[in-house]
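What follows is one structure encoded as structure tokens, with my remarks underneath.
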Amino acid sequence: MIPEIEKASASEIKAFQEKKLKTLLTYLNTNSKYYKQIFKRHTIDVNSVNTLEDLTKIPPTTKDHLQQFNDDFLCVEKSKIIDYVTTSGTLGDPVTFALTDNDLDRLAYNEAISFACSGVTDQDVMQLMTTIDRRFMAGLAYFLGARKLGAGIIRVGAGIPELQWDSILKFKPTYLIAVPSFLLKLIEYARQHDIDINQSGVKGAICIGEPLRNQDFSLNALAKKITPDWDIELFSTYASTEMNTAFNECEAQQGGHHHPELIIAEILDENDNPVKPNTVGELTITTLGVEGMPLLRFKTGDMVMAHTEPCICGRNTMRLGPVVGRRKQMIKYKGTTLYPPAMDNILNDFNQVESYIIEISTNDIGTDEICLKIASKEQSTKLLQQIKDHFRAKLRVTPKIEFHDKKTIQKLQFPAMSRKPIKVIDKRKTE
């Protein structure tokens, strides 16, 4: 199930996207209060934007804009809205996204071709280990995508290893949709209850929410904890509510594939200019085919690198490497630039570490400080020194490290109304 455009040449894909872009600009200029004001304020004639390169004439949209002018992005009458979802906002209140019936069809198509990219077929059964309620887009997208593909889906929801294993043993899913660290909890539960996980019939996991790979696409420390015990294929997927689109790995596992019929992707530097090839920049997206709340040059905040060489799977689309980090979570620490995922990878090397929070703050002289709050079965000076030595070896710096009990860390990770665990608390915004 590879769409023909994804097998086309780079020049054909570019021409295809430019035609789609023209349609989008006309739509926005007719229906979007927000973008009509942007075009007017910056004296942009949408008819002058004919190529992907011309996009630089248009100022990017940020999450702050989405939050401040949320209703102005809506391009349809409210009577056409079928579903409402929300995502976290940078200024406190959540940002609302409204989806029409056509948008739900597009979401289903996106997830169906994304699952197919990772090898899922209509003969498979998938077990969904994330919430489908609480205004959360991801769970709904996974359900709609499985239905569109013709695969079975078991809606178990998040957590509860006992119920997950009851469903695995009863319904025999072939793929799991899960946060990778939760797979470790399933392995531990199986070990304690004499379940032979490699006889369960599960052959793969679509992993969400946490990185699986290093920048060279080798498995990172978290993934290496899973595969020795559970002989399954791990597939990364990257998506966000704002994109209404996913980037899934294929069997080559060399980055998440771009769907050019659904989204235009730019990688920009700090001055909003395209980066040079093989350079990390901020992913900036333009949605194609979205009816309710389409976005034009939306800065996702995620720092990534694009890979453009053809893939062995037959797709010629650009691929996104693992997310290096969130732009706003970049830390300048003792002369070194860090992102939280680099620290995740180091802490995942220690089996004694059960859970943790990365807390970023500003000190008295105005520079960044890092405090790692760790829950561990072993709270010894020896372990503390081993973690510090590992940080020095890998990142050349050593943050402050504190041991806390597991309940304290879990309370920090799951604040009220949270739909997914929080790993980073950035206090710099409020200090």
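Read-outs throughout are calculated quantities, based only on the coordinates presented, and are distinct from any laboratory measurement. A quick note: this is a predicted structure, and the numbers were derived from the prediction, not measured. Cβ atoms come from the backbone with ideal geometry, glycine included; neighbour counts cover every protein chain shown.
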statement: Reviewing (i) 135; (ii) 164; (iii) 151, the figure for volume of the Cα convex hull per residue in Å³ actually calculated from this model sits under (iii)
- request: At a Cα cut-off below 21 Å, give the lysines reachable from residue 400, other chains included and same-chain residues fewer than 8 away excluded.
  value: 328, 332, 334, 373, 377, 382, 388, 411, 423, 427, 429
field: Stokes-Einstein diffusion coefficient of the range 61-134, Kirkwood radius over Cα pairs, 4 °C, 1.567 mPa s, in µm²/s
entry: 88 µm²/s
message: Please state the shape class of the range 283-324: rounded when a/c is under 1.5, otherwise prolate if a/b exceeds b/c and oblate if not, all from the C-alpha gyration tensor.
response: oblate
field: Prolate/oblate/rounded call for the range 171-323, Cα gyration tensor, a/c under 1.5 rounded
entry: prolate
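Given all pairs of different Cα atoms, what value in angstroms does the Kirkwood hydrodynamic radius of the range 304-422 take?
Working: mean 1/r = 0.0610 Å⁻¹.
16.4 Å is the Kirkwood radius here.
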- request: Excluding residue 119 itself, calculate the net charge of residues whose Cβ lies under 11 Å from the Cβ of residue 119, where each Lys or Arg counts +1 and each Asp or Glu counts -1.
  value: -3
- prompt: How long is the range 136-226 along each principal axis, judged by its Cα atoms, biggest number first, in Å?
  reply: 35, 33, 22
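As a footprinting exposure proxy, order 414, 217 by other Cβ within 10 Å, with the fewest listed first. Walk me through the numbers on the way to the answer.
Working: 414 13, 217 18.
Going from sparsest to densest Cβ surroundings: 414, 217.
Grab the Cα-Cα distance for residue 270 and residue 84, subtract it from 0.36 nm times how many residues apart they are, and report the gain in nm with one decimal.
Working: separation 186, 0.36 × 186 = 66.96 nm, distance 3.22 nm.
Full-extension gain reported as 63.7 nm.
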task: Mark the label point 7 Å from the Cα of residue 36 along Cα→Cβ and return the residues of the range 44-78 whose backbone N is within less than 17 Å of it.
output: 44-47, 69-78
task: Compute the distance in nm between two label points, each set 7 Å from the Cα along the Cα-to-Cβ direction, one at residue 380 and one at residue 402.
output: 2.4 nm
- prompt: Which pairs in the list 7/172; 170/224; 80/148; 14/203 are over 25 Å apart, alpha-carbon to alpha-carbon?
  reply: 7/172; 170/224; 14/203
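Give me the extension gain from residue 427 to residue 252: residue separation times 0.36 nm, minus the current Cα-Cα distance, reported in nm with one decimal. Walk me through the numbers before you get to the answer.
Values: separation 175, 0.36 × 175 = 63.00 nm, distance 3.92 nm.
Value of the extension gain: 59.1 nm.
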- prompt: When all C-alpha to C-alpha distances in the range 1-85 are sorted into bins of 5 Å, what percent of pairs does each bin hold, rounded to whole numbers?
  reply: 3, 12, 19, 19, 17, 14, 12, 4, 0
- request: Quick one: check the C-alpha center-to-center distance for the range 192-246 versus the range 289-344, whole angstrom.
  value: 19 Å
query: Please report, for the Cα atoms of the range 182-249, the Rg to one decimal and the Dmax as a whole number; what are they, in angstrom?
result: 13.5, 42
Full-extension gain in nm, residue 199 to residue 19, via 0.36 nm per residue minus C-alpha separation: 59.8 nm
